[in-house]
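Take a look at the structure below.
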Amino acid sequence: MDQETVDDVADVLESGRYVKGPVLEQFESEFAAASEVDHAVGVSNGTAALLLAMKAIGVGSGDEVLAPAHTYFATVSPVLELGATPRFVDIDPDRYTMDPALLREAIQAAEDPATIVVTHMHGQPADMDPITDVAAEYDLPVVEDAAQAHLAEYDGEMVGSIGDVGCFSFYPTKNMTVGGDGGMITTDDPAIADEARALRNHGRNEKGEHVVLGLNYRLDEIKAAVGRHQLDALPDWSAGRQRAASAYDERLMDVDWVVTPTTYGNAEHVYHHYPVQVPADKRSAFRAHLDDYGVDTGIHYERAVHEQPAVRDRVGLVDVPVAEEYCRRTVSLPMHPRLSTEEIDHVVDAIESFEVDA
């Protein structure tokens, strides 16, 4: 948060215009341009973006939504809130995103498939070409959960522009923020954009009529002011994350018991996380060892989403062994744009000193 950002927030406060104003319109326009879409709709948070996107494309009670087995809870909670049922698709063991080959099988096994939601996990774009091919074959819309992948690219296209609708989060831990909760919906479809705009504002159209049942999911002017500056800095921050990831890759190349993230020539990974895999039975000791060296780590995520108590009783038997095994082994190393070579060396030195066979 630089002084220019603070000054622009002060300008909003002094203007007296706090919601539904010109700053949000500017932020939406700039985010749409950066994401290479026709429309961007600011909303109150990333979960709201997913909920309203699904509502806008017609997901409702009794529908089945194909979702990745490895994702954050917020990818799936809107499905349940709408009375639909998630059908989980296991992940590619290298990309950690939905496995396109298994997607076809899941659609064929579903009774009433309505849509596909794809997560670009850890900043890694999902393998979108085969996913959209399957979606077109079965005439299913695709929702992109890009909450962790701002301005990531797949085959020259920006995430959030490939499916029917994209969803972003600006929560403070994300690659860019708005100084609190916030989200964005992206699409080239004017009907989806209009529906999302109405749904975020009590279902009102431009005439002030409440034409659909909507609630209040608006993004305010202060957060939009912050978001504009964050978006402007994002390419440099992404480059910083990529430099840090490359340094990790090089230093960890010879540590044969650590599995580093896979990268692909047709995709630009933006490294919201840098997850490695370690032996499951050594993970707790590994994290404690790094903690002794002053190195914080995380787990994203400790359980596959169908194992969460709010989900498991609603979906029945789920067979996703790759996701479950990954969740037992994953550890996220420190990752942010300003990681120095010395800090990365310290992290890797700590890893190399861990006695994995002890």
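Brief remarks on what is shown
- Only one of 204, 200 that is in contact (Cβ under 8 Å) with a residue 40 or more places away in the chain and either under 25 Å from residue 57 (Cβ atoms) or of a type in the set (Lys, Arg) (or both): 200
- Test: residue in region 207-222 that is closer than 25 Å to residue 50 by Cβ, acidic (Asp, Glu), touching a residue at least 40 places away in the same chain (Cβ under 8 Å) and assigned to a strand (DSSP E or B): no
- Residues satisfying the criterion are absent from region 291-312 (criterion: in a helix (DSSP H, G or I), hydroxyl-bearing (Ser, Thr, Tyr), open to solvent by 50 Å² or more (accessible area, probe 1.4 Å) and modelled with pLDDT of 95 or more).
Yes or no, residue by residue, for (1) part of a strand (DSSP E or B); (2) touching a Phe, Trp or Tyr at 6+ places or on another chain (Cβ under 8 Å):
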| site | (1), (2) |
| --- | --- |
| 116 | yes, no |
| 131 | no, no |
| 135 | no, no |
| 160 | no, yes |
| 163 | no, no |
| 167 | yes, no |
| 173 | no, no |
| 178 | no, yes |
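- In region 109-129, the residues that are out of contact with any Lys or Arg (no Cβ under 9 Å at 6 or more places or on another chain) and either open to solvent by 10 Å² or more (accessible area, probe 1.4 Å) or within 22 Å of residue 60 (Cα to Cα) (or both): 111, 112, 114, 115, 116, 117, 118, 119, 129
- Looking only at region 1-43, residues that are free of Cβ contacts under 8 Å to residues at least 12 places away in the same chain and part of a loop (DSSP other than H, G, I, E, B) come to 1 in all.
- Complete set of residues in region 270-295 that are in contact (Cβ under 8 Å) with a residue 60 or more places away in the chain and in contact with a strand residue (DSSP E or B) (Cβ under 9 Å, 6 or more places away or on another chain): 270, 273, 274, 275, 278, 286, 290
- Each residue in region 72-93 was checked for being in contact with a helix residue (DSSP H, G or I) (Cβ under 7 Å, 6 or more places away or on another chain) and either closer than 15 Å to residue 320 by Cβ or in a loop (DSSP other than H, G, I, E, B) (or both), and 10 pass.
- Qualifying residue in region 52-71 (condition: exposed (fewer than 15 other Cβ atoms within 10 Å of the Cβ), free of Cβ contacts under 8 Å to residues at least 60 places away in the same chain, part of a helix (DSSP H, G or I) and not hydroxyl-bearing (Ser, Thr, Tyr)): no
The values are calculated or read from the model by the stated rules, or taken from the named source; none is laboratory data. Values in this document were obtained by computation on a predicted structure and should not be read as measured data. All Cβ positions, glycine included, derive from the backbone under ideal geometry; neighbour counts span all protein chains shown. SASA here: full protein model, heavy atoms, side chains in, ligands and nucleic acids out. Shrake-Rupley method; radii C 1.70, N 1.55, O 1.52, S 1.80 Å.
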